[in-house]
Every structure is written in C-alpha cells, then in structure tokens.
Amino acid sequence: MSTQAKPLHSVGVPMKRKEDPRFIQGKGNYVDDLSFPGMLYLSLVRSTYPHAEIKNIDISEAMKVPGVKAVITGKDLEAAGLGWLPTFHGFDKQMVLAIGKVLFQYQEVAAVFAETRAAAVDGAEAVQVDYAPLPVVADPFTSKTDAVLLRPDREAKTNHIFHWEVGDKEGTARAMASSPKRIKQRIWFQRCHPAPLEPCGCVAYFDTMGRLQFHVTSQAPHVYRTALSLVTGIPEDKIHVMSPDLGGGFGNKVPVYPGYVCAIVGALKIGRPVKWIETRTENLTSTGFARDYHMDVEIGATEDGKVTALHVATTADHGAFDAAADPSKYPAGIFGIVTGSYTFPVAHAEVDAYFTNKAPGGIAYRCSFRVTEASFAIERGMDILADELGMDAVELRKKNFIRKDQFPYPSALGFTYDSGDYHKTLDVALEKIGYTALLKEQAAKRARGELMGIGFSTFTEVVGAGPSKHFDILGIKMFDSAEIRIHPTGSGIVRTGAKSQGQGHETTWAQVVAEELGLDPQNIMVEEGDTDTAPYGLGTYASRSTPVAGAAIVMAARRIREKARKIAAHLLEVGEADVEWTDYKFQVKGVPSKTVTMKEVAFAAYTNMAQNEPGLEATYYYDPPNMTYPNGAYVAVVDVDRDTGETKVRRFVAVDDCGVIINPMVVEGQIHGGLTEGFAMAFIQEIQYDAEGNNLNTNFTDYLVPTSLETPHWETANTVTPSPHHPMGAKGVGESPNVGSPAAFVNAVIDALSPLGVRHLDMPLTRDKVWRAIRDAETRT
Amino acid sequence: MNLQYTGEEKIPVGLDTVWTFVTDPEKVGRCFPEVVDVTVQDATHFEAVVKVGVGPVRGKFKVKVELLPAPSKRRLDMKMSGGGFGSTVDLTAGADLADAGDGTTLLTWSGQAEARGPIAAVGGRVLDAQAQKLIAQAFGNVRQQLTA
C-alpha cells in the first residue's frame, strides 16, 4: 500500500477561496443573470403614504401601457386566499399587497407584469391610487398610547405586539436598590439596514410538469419551500427552490417578501416565467431592517466596581408588521445575552415591541437575533459605570469578567456559556494596541485640550441556533444537515442545508471534509441552495453555519470514515478492530508500514468492497446540544477634532476567539467586513423617518456604505478556546465584528469627549452630532 | 416632510384684473413653472402636468388643482395634490389681494406643502430651497403675464 509524503492538514490552512475566481471575473451566477423564454417582468406599485386608506385603485391607464400584460391588487389576492403572508416569527401576518389601507411608506400596493422591465415600471407609474391620509405613528413611544390603532385586523386592539422578559425581576430590583453605585442610561441602537450589494429578487415559473421552479435570493431555501407550500397550498414536492450565488445577505434575505408571492401568482395566472428584482430604493425602504431598540440600561455595583445587578427595559419599534424573523419562543431574539462577559449575580431584561408606520423587520444585519443590540447595551453600560466610578474601563472589565475556570458558566439570564478566556483575549488586545503608552499620550493631549479617546468592547456572542428543545422557525426545529458523497477516484461532493452569501462555504466546507477524510480539499465540491439536492436545513444566518451545518459535515464525514474503516480492514486483511485512523489514513494498529489512504478505500468502495455495502456516502442531521459563545476584545483609538467634530479612527485592534479556526484567511476576511459594517453603524448609517413617516434614506446618496476611503485600517488577532461541545471545537465568527465593534467606536468617542462632561451620544456619531455635543458642552462651562 | 412658505408679489395692474386672471384655471395653470400641459375641467378645477427635478429625483408630476375663490374677491385659496415617480406632494396655498394704490395690487401669499416619497427623502438638502424658488417663480409668472 502507499505512504503519504506529508500530513494532509486542511483545517487551519489559509487556503484561497475556491469561489473567488468566478466572483472577481464577473462570472457569478445571480438571480438577475437568469433568463427564460417568454419571461415577464414584475414591478410593484408602492405607497407614497405611510398610513392611509385606499379609496380606489385605477389600473385602466396601466393596462394601456404597451407591453403590460396584467395588474393585480390586494383585492385580487384576497379573493384567491393569498391576501396575507405569515411572517417567519409566526405570530403575525403581513399583507402581500395592501388591502384596504397602507401601513408604511413604500408598502406594496399593486403588481404590474410586462414584457420588459421598463414597461413594467411605466405600468406601475400609470396605476392611479387614491389615498385618504390617516394619522401617522412614527415612533414606538407615540404608538404606546394607542391613540391611533394601526392594526384593526388583529384581534388585540392595541399597537403593543408583545411583552417579553427573562430573569429575576424582584431579585434584580432588590439588588439594585441596595447597590451603593448605580448608573442608568437610555441607549438607542438606531434603525439601520444591511443593504446587501445585490438586492432581493426572484424568477418564478411553472414547468411542463406543473412544478413551481423558484429561483430566489434566499438565505434559507428549505424554509422558503415549506413556507410557500403552507401559504399557497402547492404540495411541497411540486416546489423547487434554488438560491444561486448571493451578493450578500446579512439577514436581509431571510424573510419571504411580497414580491416573491406576486411573482409566483403572476407566473401561475399568466402562464409565463416572471422575474422580479428590487431596486436599491425598494431594498432600503421595504425589506428587513435592523435594530431600532430603545434600551434603558441600569447597572448596580459596589463602591469598588463589582457589578451587582443589571436591568434592561427595551422599547422596540417593529414597524407595520411583526416580521422580525425570530425563533418562535424568542420574540426578542436572544437578547438575554445582555449580561455580556460579566458575572452579574442577578439580572432582568424586558422588551416591549410596538407597531409603527414604518417598514417591518428588525432581525438583520449580521447579527444573531438581537445580540448586537444586547452587546452594545452592556458594553456601553460598562463604560458609563467606569465613568461613574472613576475607574479605568479595562480594570472594571477585568474585575467582572467570567474567569476561565468558571466555564461552563450559567448566566443570570439562563444561558450556559461554553468556553472562553476573556482575560487572555483582552491582554492580547492591550499588548497589541500598546495601552500603557496610549494612556500616557492621552494624558498629555488632554493637558493640551486635545480630544483623544480609547474605547473597548469585550463582548460575548451567542450563536449557532439552536438546540431543538428551544429553537424553531414556524415550528421547524433549528437543526442543520450535511450529505457527503465520495466518488470512486477520491474526490467528492458535500451538500448542506446552509447557504453561503459570501462567507466562503465552498472553501471551508471542503477543508472540513478534507480534514476529516484525508482528501484533497481542491477536489471536494460544495453545493448549497438547491432544495432538490441539498438535505433539509434551516439556512445561513445568526452565525449558525459553522456551529450547526459545519458540525453536521464533521459528523457525516465521520460516518463515512466508519464505513471506510470496514473496507480498509478488508484491504489491509485484518479485522476492523485492528484498524485505526491516524495521520489522515488507515493503519493497522502498531504497524505504521501497513496503511491505506482514503483515496484507495474510496476506489475499493466501488470496485472491491467484499461483503460491505457498495458506495461511500453519508448524511447527518445535527441538533446542537448548546449554542456557541464566540467572544472578543476590541480596542478603538480615535482623535476628535474639537472645531469640526470630525472623528478619525486612528487604530483598531480586534482580537477574536471563535474557537477552532477552519480557514484563518476567511476568518480574517469576515472580521474585516464586519468591522467595516460596525464602523458604518457607529458613524454613518441610520434609516431615518421624519414625523410624517417619510423614509429619508432611500438610496445610496442618503444611506451610505463606507468605501476604502473612510474605512480604518484593521489590525486583527485571535485567541483559540475550542467549544467543548462542537465536534471540531469551532464557534462561528461571521457576526462577531458587527456585534462587537459599534460599542468600541462609540466608547472611544465618548472617552475622547469625557473631559467635556459628555457621557453618552446615540449612534450614528456623525460629525455634526459630535460637533454639537462639543459646542453644547463648551457653552455649559 | 412639512414645508411652509410665505411671500408677496406686487403687480402693476388693478385688483379686478388680477382677480379675473388668478381665478381663470387655464391662465393660472400656465403660470406653473415647467408646465407641460393644462387640462381644465370646470371653472374651479384643472389638471396640470409639470416637470419636476429635485436633486437626483426627476420626472413628470400630474397635479390636480382646485381653486377656491372667496366671495369677497379678496382671497383665493388653492388645493393641489399631485404625484409621480413614487412621490406625492399635497399643497394648500392662499393669497390675499389688496389694492396697493396707483393701480397696483399686492398679493400676499402663504403655502403649506407636504411631500412624500423619494422627493421628500432628498428634501433635507434641496427640496426646501427648490420649492421656495418654484413658488416665487409661479407668482413671478403671474406678474409677468399681467404686465405683458
């Protein structure tokens, strides 16, 4: 038998991404690249009013536009029983096309189908809608009064959607009352939008067998198939969902949008393929936004800075429908991670959500179900507490960190943190940034009246939803799956229920399979997004791919290894018990010269399998026993121009602990991307509505995405504390930088402004907001 | 977004002439800046198509106008609502007419507009100044037509 020249390490290798050659050459295959004979285009008429009764919809002029084939309205859909769509959270529904009234500006009102995209847009422009304006509720605090009832369609005649709470209410109140030091601050995490480069879209048609072929920008193709079957009544086997290359998702491509339903209805009604692709404005104004949490954060502590209690009361703006795609049992997501990296003996968190005349959503933007909001609240809160105590922000954090020996750590709000070494991770960051020298520099600058700030965020995330006991979407448990087939010549294919949107699954999954089976990752193909071929899974969001689908791949590969062991025993002419897997090959125990490679076993599985079942493939459905808890220590150093309010992020160090790293280069890429988004939220991005309910950030001139010009230079490092329950020790990393970084930026700016007495500013920290804060502070003194 | 405007225009012709002009839908309609077409329905109603360009938002607006002349012949109110390219503008305007002596008339006007859609989104930057300019232009046109 053969011997191998060198070990076949695949995990931990910075392998170049297999998908990149096609992306950088413009050869990706996106939904909008698809074209079918006879294909029509759909354009949606959208409401100009945030809240109005629909008096009449006149489609006669639209039907005269050359090329327009059909126009459908909410009434048509309602007659067909398709007027409403259940939201993924499951306890609300959303109008597909407005019925009776509109509830937010840019809401879908009518669908126009035409021979060309231009004709469809012209047709939509020609639809005459008569509106009678109704009073507008543009914020959750006005909504709370119920002076204007937004959703008379619901049984509960109130704008209040839900109250959710976790923790010990009385115990927290008692501990807070007896704490010698207390801080309280309202912290608003503004409404923002993930704005993926590729907007949402689909192509729908019914094939000659009457089967729905549905190409769509979806992060969760299987959930779409089930949801479409439930909504339309089409049997699930007659629905084929395909999600091709995606140009970013960030949670924006999890919900099912009205445009998808309209495209399917049009395809059915007209009998031709229908394509719908959003414009940038449609994407920013009507699809899943992020955050909009007003959080009242209260922390109690002893005189010397030991935290004693945490209370957070949140008012959430959910928009016109409760379309925040949360797991069924978690209407406020996993906001309970709000105790962060600290040993709070007692805590209480509550969230009250309200309808407003704004676009629906809330769960998006690279964030595991409200974890970004929670992390921001606690990391800002800890800085405010440090300020109150007159204590160094690092010292306060270290004093309250969960120690390495306390894991698995049961948090006050019910999570069991799997692993971490927070002191070490922070020390790496302090060393890298040169904290001591920076403090000296800052003192000297302050003496000269210059504004320099150092900001920390030592966050803990909770990702990888999730254990079936707690987590489901529309009742479907949040497991994930993998199917691996090894071909006779030792190459193979892996399919999962996850769906890459740029994360690099085609590379990392190949590395995982290669590592487990001792094969060449270049010859392991990865396929995702096709419900006809991929095993059922819940998709990619909430940093769940590596913790859940990744674990399924490992387990499927190990199943293959067990099968291969039998064949290896046959080839090595020993009993199965005498074969061990060592150094990426099978070996007769104690006889290093007697080995057989997986490649040889694969060939034998099809040519010389003896009494064993032919073939070499396996499937695994993985139900995670716990969530994973990636964490990190981020440090930002900023200089603020006292005269202009201009903030310069001079340095940014991000030390992440995401457990075992599959591909360091991919991880670094994820960190860079997420930090850039965190920077955008901290300084630039906000979806603003005026008091009349107008969305003021409807395009890329009003809603900015940072370019290389303004993006700071990122310095990254890692510590590795494996997850004890993940088969490979990995934790997931996609969202860490987005979750962790906003607080570091804001803490740095507030630290810079603290000599002026500024204690808090809400994001985004635009230069005019910072300038005003400086001016106001200087006027006060 | 809510916009409010006020201003005055001195017109070198008598009050009655001005009144006759401003209560004539065809004539008033033609004074709209960038007007493309005016369709008169009756003595107090007309529709106008105007070209609108605010920052990157450009296109044609179809505007429905209702004139509400006061019996005193000293005040004219106007209701306009229009839209296009996914935007809507609702506008109410009023003008008081007063004899300014020497056969001239003083038009004191005020208006309130509510803009919605993309046109409102660009509002913070340019809409306000643009609208002010357009309204001033409209009354300027009235003066010009009456003077010519």
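The values are calculated or read from the model by the stated rules, or taken from the named source; none is laboratory data. Not measured: the values here are computed from a predicted model. With ideal geometry, Cβ positions are generated from the backbone for all residues, glycine too; neighbour counts draw on all protein chains shown.
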Within 14 Å of another protein chain (Cβ to nearest Cβ), surrounded by fewer than 21 Cβ atoms within 10 Å (Cβ to Cβ) and modelled with pLDDT of 85 or more, is that true of residue B:66? no
Some residue of region A:759-776 being buried (at least 18 other Cβ atoms within 10 Å of the Cβ), in contact (Cβ under 8 Å) with a residue 24 or more places away in the chain, farther than 25 Å from residue A:504 by Cβ and among the small types (Gly, Ala, Ser): yes
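Under the condition of being in contact with a Gly (Cβ under 8 Å, 6 or more places away or on another chain) and in a strand (DSSP E or B), which residue from region A:470-481 is modelled with the lowest pLDDT?
Taking the candidates together, the pick is A:473.
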I'm trying to understand the selection: among the residues of region A:375-384, which are among the hydrophobic types (A, V, I, L, M, F, W, C) and buried (at least 24 other Cβ atoms within 10 Å of the Cβ)? A:376, A:377, A:378, A:382
The one condition in (1) surrounded by 24 or more Cβ atoms within 10 Å (Cβ to Cβ); (2) assigned to a helix (DSSP H, G or I); (3) not aromatic (Phe, Trp, Tyr) that residue A:368 fails to fulfil: (2)
Out of (1) in a loop (DSSP other than H, G, I, E, B); (2) under 16 Å from the mean Cα position of the chain (by Cα); (3) of a type in the set (D, E, K, R), the one residue A:373 does not meet is (1)
Name the single residue that is nearest to the chain's Cα centre (by Cα) among those in region A:572-586 being surrounded by fewer than 19 Cβ atoms within 10 Å (Cβ to Cβ) and aliphatic (A, V, I, L, M). A:577
Exactly one condition in (1) hydroxyl-bearing (Ser, Thr, Tyr); (2) touching a helix residue (DSSP H, G or I) at 6+ places or on another chain (Cβ under 9 Å); (3) more than 30 Å from residue A:368 (Cα to Cα) is false for residue A:593; which is it? (2)
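Condition (residue is outside any helix (DSSP H, G or I), more than 17 Å from residue A:634 (Cα to Cα) and either modelled with pLDDT of 95 or more or of a type in the set (Lys, Arg) (or both)) applied to region A:433-449: is it met by at least one residue?
Yes: one or more hits.
Of all residues in region A:180-209 being in a strand (DSSP E or B) and of a type in the set (S, T, N, Q), which is farthest from residue A:676 (Cα to Cα)?
Per the stated criteria, the residue is A:185.
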Is region A:699-716 home to any residue that is in contact (Cβ under 8 Å) with a residue 12 or more places away in the chain, within 14 Å of chain B (Cβ to nearest Cβ) and hydroxyl-bearing (Ser, Thr, Tyr)? yes
Checking residue B:46 against (1) without any contact (Cβ under 8 Å) to a residue 60 or more places away in the chain; (2) part of a loop (DSSP other than H, G, I, E, B); (3) surrounded by 14 or more Cβ atoms within 10 Å (Cβ to Cβ): exactly one of these is not met. Which one? (2)
Restricting region A:474-524 to residues that are of a type in the set (A, V, I, L, M, F, W, C) and in contact with a Pro (Cβ under 6 Å, 6 or more places away or on another chain), which is farthest from residue A:731 (Cα to Cα)? A:514
Return the residue satisfying two criteria in turn: it lies in region B:85-111 and is more than 30 Å from residue A:106 (Cβ to Cβ) and hydrophobic (A, V, I, L, M, F, W, C), and of such residues it is nearest to the other protein chains (Cβ to nearest Cβ). B:109
Is there any pair linking a residue in region A:136-153 that is more than 22 Å from residue A:291 (Cα to Cα) to one that is assigned to a loop (DSSP other than H, G, I, E, B) and of a type in the set (A, V, I, L, M), with Cβ under 6 Å and at least six apart or on different chains, and which? A:148/A:137
Name the one entry in B:76, B:107 that is under 13 Å from the mean Cα position of the chain (by Cα), free of Cβ contacts under 8 Å to residues at least 60 places away in the same chain, assigned to a strand (DSSP E or B) and within 30 Å of residue B:12 (Cβ to Cβ). B:76
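For every residue, the table says whether it meets (1) out of contact with any Pro (no Cβ under 9 Å at 6 or more places or on another chain); (2) hydroxyl-bearing (Ser, Thr, Tyr).
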position	(1), (2)
A:30	no, yes
A:43	yes, yes
A:54	yes, no
A:65	yes, no
Residues of region B:27-38 satisfying the condition of being part of a strand (DSSP E or B) and either within 14 Å of the chain's Cα centre (by Cα) or surrounded by 14 or more Cβ atoms within 10 Å (Cβ to Cβ) (or both): B:35, B:38
